[in-house]
1. How about the stretch 1-33: which of its residues are closer than 20 Å to residue 165 by Cα, open to solvent by 20 Å² or more (accessible area, probe 1.4 Å) and within 19 Å of the chain's Cα centre (by Cα)?
2. Could you check the stretch 176-200 and list, in sequence order, the residues that are outside any helix (DSSP H, G or I), closer than 19 Å to residue 160 by Cβ and of a type outside the set (A, V, I, L, M, F, W, C)?
3. Among the residues in the stretch 111-119, are any crowded, with 20+ Cβ neighbours inside 10 Å, modelled with pLDDT of 95 or more and of a type in the set (D, E, K, R)?
4. From the list 86, 75, which one is open to solvent by 10 Å² or more (accessible area, probe 1.4 Å), free of Cβ contacts under 8 Å to residues at least 40 places away in the same chain, among the small types (Gly, Ala, Ser) and touching an Asp or Glu at 6+ places or on another chain (Cβ under 9 Å)?
5. Name the residues in the stretch 201-216 that are more than 11 Å from the ligand (Cβ to nearest atom) and in a loop (DSSP other than H, G, I, E, B), would you?
6. Criterion first (touching a residue at least 24 places away in the same chain (Cβ under 8 Å), open to solvent by 10 Å² or more (accessible area, probe 1.4 Å) and of a type in the set (Val, Ile, Thr)) does residue 141 satisfy it?
7. Of the conditions (1) open to solvent by less than 50 Å² (accessible area, probe 1.4 Å); (2) among the hydrophobic types (A, V, I, L, M, F, W, C); (3) within 22 Å of residue 97 (Cα to Cα), residue 201 fails just one. Which one is it?
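The values are calculated or read from the model by the stated rules, or taken from the named source; none is laboratory data. Since the structure is predicted, the reported quantities are computational estimates derived from the model, not experimental observations. Glycine also receives a Cβ, built like all others from the backbone with ideal geometry; neighbour counts cover every protein chain displayed. These area figures cover heavy atoms from the full protein model, side chains too; ligands, DNA and RNA do not enter into them. Shrake-Rupley method; radii C 1.70, N 1.55, O 1.52, S 1.80 Å.
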Amino acid sequence: MKRKKIVAGNWKMNMTLDDSIELSNALININKSNVDVMIAPSFTNLYPLKKHFDTHQIDVIAQNVNQNSKGAFTGEVSVEMLKSIGVNCVIIGHSERRSLFGETDQILFEKVNYATSNDMNVIFCFGEELQQRQNGNYFDIIQQQLEIGVLSLPSELIKKVTLAYEPVWAIGTGVTANPDQIQEIHQFIRNLIHQRFDETISNSIRILYGGSVKSTNAVEIFNLADVDGGLIGGASLKFADFQSIVEAADV
Ligand code: PGA
């Protein structure tokens, strides 16, 4: 089954408003006929960029969201707030949220469940750390992250989820997982989805790879059978690099 690829740029805590507008002006001209292009700027830049990209087929998505609808949660942003400015997709479970901000599998499940139940699409990130890769128990780790995070969702909600396999040892390190390592995990994930849901869902869910995707390795990674695009950190901050990565997915 042919799945439309996604290239999502995670800008993390980079870019002032002026920087964002400058890069966005360039991004508008990228040729993207058969790929879904998304960028995830900081909360402060979501609304202006949403307006900026209005008619330019670039989706503006959030990097995080709270699991509650409203209340005394200083510093947090709700699904309802995102939707009120037209943002319909959010990244949940990025390894930086897990390791630096203490987001557990259980909290992430609450976020995914709340967001998808309220008509918000989710890019759910997961992946093993270096030690776990070296110990050889990375399949168990990945299975556990998925079981708690998304596999207990009802089938109508899993349809709102895109998965992003991001081995922590490959994020921001310049070390990319090799194609065999990536395909092995992506196939494993698709099988888990099949076992838990059904063939239609496992064939249609999109599974992205993230971790040091660059213009030089994007074509090879995106050609793998179970890879449906990428979540791009560092390279999404540079126009030429991001452009080549989008073109690599535009097939
Ligand atoms: P990277 O980051 O492309 O800089 O490795 C990926 C990510 O954090 O999603």
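1. 3, 4, 5, 12
2. Applying the first criterion (outside any helix (DSSP H, G or I)) to the stretch 176-200 yields 176-178, 197-198.
Of the ones still in play, those that are also closer than 19 Å to residue 160 by Cβ are 197-198.
Listed by number, the list holds a single entry, 198.
3. yes
4. Values: 75 fails: touching an Asp or Glu at 6+ places or on another chain (Cβ under 9 Å).
Step by step, each of 86, 75 is checked, and only 86 is open to solvent by 10 Å² or more (accessible area, probe 1.4 Å), free of Cβ contacts under 8 Å to residues at least 40 places away in the same chain, among the small types (Gly, Ala, Ser) and touching an Asp or Glu at 6+ places or on another chain (Cβ under 9 Å).
5. 205, 206, 215, 216
6. It is false that residue 141 is touching a residue at least 24 places away in the same chain (Cβ under 8 Å), open to solvent by 10 Å² or more (accessible area, probe 1.4 Å) and of a type in the set (Val, Ile, Thr).
7. (3)
Okay, residues lined up against (1) closer than 26 Å to residue 113 by Cβ; (2) away from the ligand (no atom under 16 Å from the Cβ); (3) within 18 Å of the chain's Cα centre (by Cα); (4) buried (at least 22 other Cβ atoms within 10 Å of the Cβ):
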{"site": "147", "(1), (2), (3), (4)": "yes, yes, yes, no"}
{"site": "154", "(1), (2), (3), (4)": "yes, yes, no, no"}
{"site": "163", "(1), (2), (3), (4)": "yes, no, yes, yes"}
{"site": "172", "(1), (2), (3), (4)": "no, no, yes, no"}
{"site": "180", "(1), (2), (3), (4)": "no, yes, no, no"}
{"site": "183", "(1), (2), (3), (4)": "no, yes, yes, no"}
{"site": "229", "(1), (2), (3), (4)": "yes, no, yes, yes"}
